[in-house]
1. Of the conditions (1) out of contact with any helix residue (DSSP H, G or I) (no Cβ under 9 Å at 6 or more places or on another chain); (2) not in a helix (DSSP H, G or I), GLY153 clears all except one; give me its number.
2. Among residues belonging to segment 72-102 that are more than 16 Å from the ligand (Cβ to nearest atom) and buried (at least 22 other Cβ atoms within 10 Å of the Cβ), point out the one that is nearest to VAL121 (Cα to Cα).
3. Mind checking which residues of segment 246-260 are crowded, with 17+ Cβ neighbours inside 10 Å and modelled with pLDDT under 95?
4. How many of the residues making up segment 129-167 are within 16 Å of the ligand (Cβ to nearest atom) and more than 12 Å from the chain's Cα centre (by Cα)?
5. Only residues that are in contact with a His (Cβ under 9 Å, 6 or more places away or on another chain) and of a type in the set (Gly, Ala, Ser): list them for segment 187-240, please.
6. Applying the selection to segment 103-119, what residues are more than 16 Å from the ligand (Cβ to nearest atom), outside any loop (DSSP other than H, G, I, E, B) and crowded, with 21+ Cβ neighbours inside 10 Å?
7. Mind checking which residues of segment 231-245 are part of a helix (DSSP H, G or I) and surrounded by fewer than 21 Cβ atoms within 10 Å (Cβ to Cβ)?
Amino acid sequence: MNDGSRSSSPCAIDRARQMHRALLVLAATLTLSASRAATTHAAPSAHAPAAATLTPDKALEQLEAGNKRFVSGAPTHPNQNAARRAEEAKGQHPYAVVIGCSDSRVAPEIVFDAGLGDLFVIRTAGNRLDDLVLASAEYSVEHLGSPLIVVLGHERCGAVTAAVDAAAHPAPPGNPAETGSHVPILVRTISDAVTATASMPGDKVENALLENVRIVVRGISSESPYLAARIRAGAVKVVGARYDLDTGNVTLVDSATPTHAAK
Ligand SMILES: [Zn+2]
């Protein structure tokens, strides 16, 4: 499923090369800034391991441990002091990329009890992919060494709820709600998750938000040849996850749609 075998058009290849060159420029700038900063700061202090030293599974363990602390009401708020700030000013090595929803109740640094430089967070309402989201994830993996990508959906997601409502009560063409706003684009984007789960029993929003996560997990490989190659090599892992608004618990989401898996 995540074989990244989608053929690339010449246009897509050109675009990928341009993006790669842009990332190299960004990396060179970062390296230069880091080397300059290193001449004016003290030696690094001991803290959580840099991303490059973590395996994908160890990075996931670190995230899960942080979520357990958050859920239990005993967060330690790691890596949030002045020493960490000074150290991270020299260069960042986030151990995980989080592609999450913009919902104000689902801040990854809080729900995973993380700190400065720990997570490379990309948030949009409904946590879907586009070129900018993929480029951001690629940058963190390629140039910052992040070994893990987490796609984080959440309970009662408003964006998914809007897509479920739109499927149940489609607006007529030319409806004023379709003009002057980008929200309908977001709703249409998520409609594939609603369609895929339309015949499933249970809560429609819950079913769709889980499928929405699965679609993004699959899309990371199918839309990014670079990330697909890193995943095949075992250097990077992609997992889907669901955040429970009530308990604060983050649970992993199986990659196969239950209705599809049953066929
Ligand atoms: Zn949401």
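The values are calculated or read from the model by the stated rules, or taken from the named source; none is laboratory data. Just so we're clear, the structure is a prediction, and the values are computed from it rather than from any experiment. Every residue, glycine among them, receives a Cβ derived from its backbone with ideal geometry; neighbour counts consider all protein chains shown.
1. (1)
2. Filtering segment 72-102 for residues that are more than 16 Å from the ligand (Cβ to nearest atom) and buried (at least 22 other Cβ atoms within 10 Å of the Cβ), the one nearest to VAL121 (Cα to Cα) comes out as VAL97.
3. Residue satisfying the conditions is THR257 alone.
4. Final tally of qualifying residues: 13.
5. ALA196
6. LEU119
7. Passing the criteria: only ARG232.
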